[in-house]
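Have a look at the structure below, then the notes.
The values are calculated or read from the model by the stated rules, or taken from the named source; none is laboratory data. The model shown is predicted, which means the values in this text are computed figures rather than measured ones. Cβ placement follows ideal geometry from the backbone for every residue including glycine, while neighbour counts extend to all protein chains displayed.
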Amino acid sequence: MTTETGPYRLTQYAHGGGCACKIPPGELERVVAGLTAAPPPADPAGELLVGLDAGDDAAVVGVRPDLGLVATTDFFTPVVDDPYDWGRIAAANALSDVYAMGGRPVVALNLLGWPREVLPFELAAEVLRGGRDVAGLAGCHVAGGHSVDDPEPKYGMAVTGIVDPARTMRNDAGRAGLPLSLTKPLGIGVLNARHKATGEVFPQAIEVMTTLNKEASIAAVAAGVTCATDITGFGLLGHLHKLARASGVTAVVDAAAVPYLDGAREALRDGFVSGGSRRNLDWVRPHSDLSTVEESEALLLADAQTSGGLLVAGEVPGGTVIGELVPRNGHTIVVR
């Protein structure tokens, strides 16, 4: 974006971009390993129905038999150079965690880190406007938030939603015999890496990242789906590993059935692979049978996505069936 003070490429003001800048999953699991069995509060306002144990996308607290509160937060460094698009992408990504649980977002709070002496605040205003507009499409209020002076620009949201506890989708509810469906194509990570390195804009990636998972979530809940997650920084293989591990099953992926964005394979061929994607693959490799695919294909399957689609244990309209869950056979993932 060019402002009165000059042109700015936001991706050049951060060491990483989007969900590819997440702490590696293996390191993160070691950090939180001792926190999953936290003692309950003295006077809880509701029962914790979904917490840290299975690595779900959001927490769920039951406040009534027919009402659960969904709580989540997500923020990251710029994934594209345009501030308005970055705001839209970050908001869609944060809202996605509520949709992945089968819920509906109700209110969001902005989280903004800004290098106030380096980047003009008019860019920050555009980021916030993008977040507001996408939250509006979701029917979700934006009610303020919090900001800090930060060496790197960061933006996201803390989101609260509602869900029917009996219809919550979660990581540990998968069972053998269910198909696996993906509701958005992969390849966002390699295209974003190319954008950061070259400045080339990929409208197809922006369209996917700014598309809400609202309709996919509604369709999954209506179909009786109880197991789902969204595909973000840990890639398809990383999030699928968590789902299969929590559910006690093996996920079989048909590599030829997985859809990709136009240009993704070319970006991979030209070497635009983030460190986050490589770390994802390193994390899942000991738990997976990847013997039938080339290393390049495995990297695409582990590609760190930003605001990716839902991965659903079941079939949903508009989704692509990419495999199935089978009884545990020694691996959490088998790619064929």
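Would you confirm whether any residue within segment 178-190 is in contact (Cβ under 8 Å) with a residue 12 or more places away in the chain, among the basic types (Lys, Arg) and surrounded by fewer than 24 Cβ atoms within 10 Å (Cβ to Cβ)? Looking for residues that are in contact (Cβ under 8 Å) with a residue 12 or more places away in the chain, among the basic types (Lys, Arg) and surrounded by fewer than 24 Cβ atoms within 10 Å (Cβ to Cβ), one finds none in segment 178-190, hence no. Residue count for segment 211-231, restricted to those that are over 22 Å from Asp254 (Cβ atoms) and crowded, with 23+ Cβ neighbours inside 10 Å: 2.
In the set (1) at pLDDT 95 or above; (2) crowded, with 22+ Cβ neighbours inside 10 Å; (3) not hydrophobic (A, V, I, L, M, F, W, C), Ser274 fails one condition alone, (1).
Checking Leu281, Leu240 one by one, the residue that is assigned to a helix (DSSP H, G or I), touching a strand residue (DSSP E or B) at 6+ places or on another chain (Cβ under 6 Å) and farther than 26 Å from Arg88 by Cβ is Leu240 and no other.
Where in segment 133-207 are there strands (runs of 3 or more DSSP E), lying wholly inside it, with at least 1 residues that are out of contact with any Gly (no Cβ under 8 Å at 6 or more places or on another chain)? Steps first, answer last, please.
Working: elements: 141-149, 154-163, 179-182.
Output list reads 141-149, 154-163.
Which of the residues belonging to segment 107-124 are part of a strand (DSSP E or B) and either more than 20 Å from Ala92 (Cβ to Cβ) or touching a Cys at 6+ places or on another chain (Cβ under 8 Å) (or both)? The answer is Val107, Ala108, Trp114.
The rows are residues; the columns are (1) part of a loop (DSSP other than H, G, I, E, B); (2) of a type in the set (Phe, Trp, Tyr); (3) more than 21 Å from the chain's Cα centre (by Cα).
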{"position": "Pro286", "(1), (2), (3)": "no, no, yes"}
{"position": "Ser291", "(1), (2), (3)": "yes, no, yes"}
{"position": "Glu297", "(1), (2), (3)": "no, no, no"}
{"position": "Leu300", "(1), (2), (3)": "no, no, no"}
{"position": "Asp303", "(1), (2), (3)": "yes, no, no"}
{"position": "Glu315", "(1), (2), (3)": "yes, no, no"}
{"position": "Val321", "(1), (2), (3)": "no, no, no"}
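Residue-by-condition table, conditions (1) farther than 13 Å from Gly87 by Cα; (2) out of contact with any Leu (no Cβ under 7 Å at 6 or more places or on another chain); (3) crowded, with 17+ Cβ neighbours inside 10 Å:
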residue	(1), (2), (3)
Phe121	yes, yes, no
Ala125	no, yes, no
Arg129	no, yes, no
His146	yes, no, no
Pro151	yes, yes, no
Gly156	no, no, yes
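Can you tell which of Val225, Val252 is more than 18 Å from the chain's Cα centre (by Cα) and part of a loop (DSSP other than H, G, I, E, B)? Sole residue among the options that is more than 18 Å from the chain's Cα centre (by Cα) and part of a loop (DSSP other than H, G, I, E, B): Val225.
Here Val321 qualifies as surrounded by fewer than 19 Cβ atoms within 10 Å (Cβ to Cβ) and in contact with an Asp or Glu (Cβ under 7 Å, 6 or more places away or on another chain).
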